[in-house]
Amino acid sequence: MKKEPDKYRGGDTGPGMGMGGDMGGFSLGRQTFSSFKNPVYRLYYGAMLGQWSSMNMQTIARSYLIYDLTGSIAILGVMALAMTIPLLILSLFGGVIAERVQKKYVLLAGQASSAVISLGIALSITLGYLSTEISGSWWILIAASVFQGIIMGLMMPSRQAIIREIVSEEQLMNAVALNNMGMNTLRIVAPAITGRIIDAFGYAAVYYAMTGMYLMAVAFIAFMPLTSTMSVSGGGTLVDIKEGLKYIRHEPTILLVLAFTLFAVILSMPYMMLMPVFAVDILKVGPKGGGDLMSVSGIGAIIGSLTLASLPNKKRGLLLLAGSLLLGLALVGFSFSTSWPLSLGLIAFVGLGSTARMTLSNTLIQYYVDDDYRGRVMSIYMMEFGLMGFGVFAASMLAEAMGAQWAVGGFAMVLVLVSLLAFAFVPRIRKLD
């Protein structure tokens, strides 16, 4: 296997694209935003802003729309499962695609396809095909979730792996942290705006706006240069997948980080899909208040992202475990809170812990993986987020029987236990830099 020179990575092409700061300690300044000196990273970032805007708007609009149409917690879980199954099936193939095809082309196709899906839902609402007046029309949202799962499964490994082809190794955590900062900034703005758009103009307006954001992403990606492409020799796709799984099995550091991330994602993420239940039935603040909760979560996540972007490349495994523990404890408190001010405070810590877990797991995997297997390993990493759908489905079924508070809170308690056990008995993760 061979790869073209990393001529677009920051730090490899001259001072204008380097790190531009000392990694010796925490300092919220030039180093915090050093990846933005890289012009290719800026284009990538602009594209991701379009995608993140749409994803955050969809988190609010799709969940509240299907809850309005059905009033069923179980169908919220079914919708998550509809996206999960194709994502899981196709993620491994997406990893092979990430190593055989120019990632720019994969991203272009994925963002354009997402725009078509969003426009389709917008037109369905405008023309009256998706409404409370037509019984069972919620199947359109389920079908859209299936197509989105297909797109994510094939595109997301390329979206994650391309970062390592743009920036230098030492700049990787900074770039990933800034990525999460952008996503979490939009978690502040997009949900609050979405809730207000729903109140003022209805759901169709949200989906038209999402279509525009995806098209913006297409425009930014179009200006990106081609990055390096892995030239995989040997057998076909299935052989490549098998080799990737074998590689992970024989790399204990990567295997442990992947396993811990799997548990953390499944146990922590159901709260996002079940947020309509907390906002409407428990806290009684409606879609607008639900959007505000997600926005406050984004504030906590931004604080975490800026902190991580400014930290040296030390004790990242310990920080991963600490972030997951904080996430679990904050979710336990949020789940059983019936106070609006207390819930707002706790959801900020949920956001902080969530971004720490996400940034550090992504960084550690990309830092320790061999370049020849990067796309396939990132496909496994993205499959774990696909498994989130099974966690949401299980939590939604439990919520039907015991209530959303015990479902989300019970999952969070298990996350606290898993994090404490990892602290005590998995020193390989704890000692990672």
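Readers should treat all values here as calculations from the given coordinates under stated rules, not as data from a laboratory. All of these numbers come straight from a predicted model, not from anything done at the bench. Virtual Cβ from ideal backbone geometry, glycine too; neighbours counted across all protein chains shown.
Shape call for region 48-196 from the C-alpha gyration tensor, a ≥ b ≥ c root eigenvalues: rounded (a/c under 1.5), prolate (a/b greater than b/c) or oblate? Don't jump to the answer; show the numbers that get you there.
Working: a/c = 2.31, a/b = 1.65, b/c = 1.40.
Prolate, since a/c reaches 1.5 and a/b exceeds b/c.
Calculate the translational D of region 133-233 in whole µm² s⁻¹ from Stokes-Einstein, where the hydrodynamic radius comes from the Kirkwood formula applied to all Cα pairs, the temperature is 37 °C and the viscosity 0.692 mPa s.
Answer, rounded: 194 µm²/s.
Would you mind calculating the gained length between Arg196 and Val116 on full extension (0.36 nm times residue separation, minus the Cα-Cα distance), in nm to one decimal?
My answer for the length gained is 26.4 nm.
With a point put 7 Å past each Cα toward its Cβ, work out how far Asp68 is from Ala394 in nm, to one decimal.
Calculated label separation equals 3.2 nm.
Once Rh is set to the Kirkwood radius over Cα pairs, what Stokes-Einstein translational diffusion coefficient, in µm²/s, holds for region 248-397 at a temperature of 25 °C and a viscosity of 0.890 mPa s? It would help to have the intermediate numbers written out before the result.
Working: Rh = 16.2 Å.
Answer from the Stokes-Einstein relation: 152 µm²/s.
Over the chain, what is the relative contact order in percent, taking alpha-carbon pairs closer than 8 angstrom and at least six residues apart?
Here the relative contact order equals 27 percent.
Quick one: check the C-alpha center-to-center distance for region 374-433 versus region 71-89, whole angstrom.
When both Cα centres are located, 17 Å separates them.
The chain: D in µm²/s via Stokes-Einstein (Kirkwood Rh, Cα pairs, 20 °C, 1.002 mPa s)?
99 µm²/s
Mind listing the Cα extents of region 37-135 along all three principal axes, in Å, largest one first?
Extents along the principal axes: 49, 28, 22 Å.
What does the charge count around Val277 come to, taking other residues whose C-beta lies under 12 Å from its C-beta (Lys +1, Arg +1, Asp -1, Glu -1)?
Net of charged neighbours comes to -1.
Can you tell me the 0 to 90 degree angle between the C-alpha axis of helix 103-126 and the longest principal axis of the chain, rounded to 10?
10 degrees
With no solvent and one point on each alpha carbon, what is the Debye value of log10 I(q)/I(0) for region 243-321 at q = 0.19, 0.21, 0.22, 0.23 Å⁻¹?
Values returned for q = 0.19, 0.21, 0.22, 0.23 Å⁻¹ are -0.96, -1.02, -1.05, -1.08.
Along region 317-331, what does the Karplus equation 6.51 cos²θ - 1.76 cosθ + 1.60 (θ = phi - 60°) give for ³J(HN,Hα), rounded to whole Hz, x for Gly and Pro?
These are the phi-based 3J(HN,Hα) values: x, 4, 5, 4, 5, 5, x, 5, 5, 4, 4, x, 5, 5, 5 Hz.
Fewest first, what order do Phe260, Phe423 take by the number of other Cβ atoms within 10 Å? Mind dumping the intermediate values first?
Working: Phe260 23, Phe423 16.
Ranking Phe260, Phe423 by Cβ neighbours within 10 Å, fewest first, gives Phe423, Phe260.
Roughly what would the spin-label model give for Arg100 and Arg428, points 7 Å off Cα along C-beta, in nm?
Rounded to a tenth, the inter-label distance reads 3.0 nm.
Helix 73-100 against the longest principal axis of the chain: what's the angle in degrees, Cα atoms only, rounded to the nearest 10?
Around 20 degrees separate the two axes.
Give me Leu215, Leu65 ranked fewest to most by other Cβ atoms within 10 Å of their Cβ, as a rough exposure proxy.
Taking fewest neighbouring Cβ atoms as first place, the list is Leu215, Leu65.
In nm, give the distance between the simple-model label positions of Thr338 and His250, each being 7 Å from the Cα along the Cα-to-Cβ direction.
Placing both labels 7 Å beyond Cα along the Cβ direction yields 5.8 nm.
Given the rule -39500 (n - 2.57) for each run of at least 4 DSSP H residues, summed and divided by the residues of the chain, what is its mean residue ellipticity at 222 nm, to the nearest 500 deg cm²/dmol?
Value at 222 nm, helices only, nearest 500: -26000 deg cm²/dmol.
If you fit an axis through the alpha-carbon atoms of helix 237-249 and take the longest principal axis of the Cα set of the chain, what angle between them do you get, 0 to 90°, nearest 10?
Result, in degrees: 80.
Can you sort Val280, Val369 from fewest to most other Cβ atoms within 10 Å of each residue's own Cβ? Can you show the working numbers first?
Numbers: Val280 18, Val369 23.
By the 10 Å Cβ count, ascending: Val280, Val369.
How high is the relative contact order of region 275-433, in percent, counting Cα pairs under 8 Å that sit 6 or more residues apart?
Over region 275-433, the number comes to 33 percent.
Please give the FRET efficiency for Val146 paired with Leu420, using the beta carbon to beta carbon distance and R0 = 51 Å, rounded to the nearest 0.05.
For Val146 and Leu420, the calculated efficiency is 0.85.
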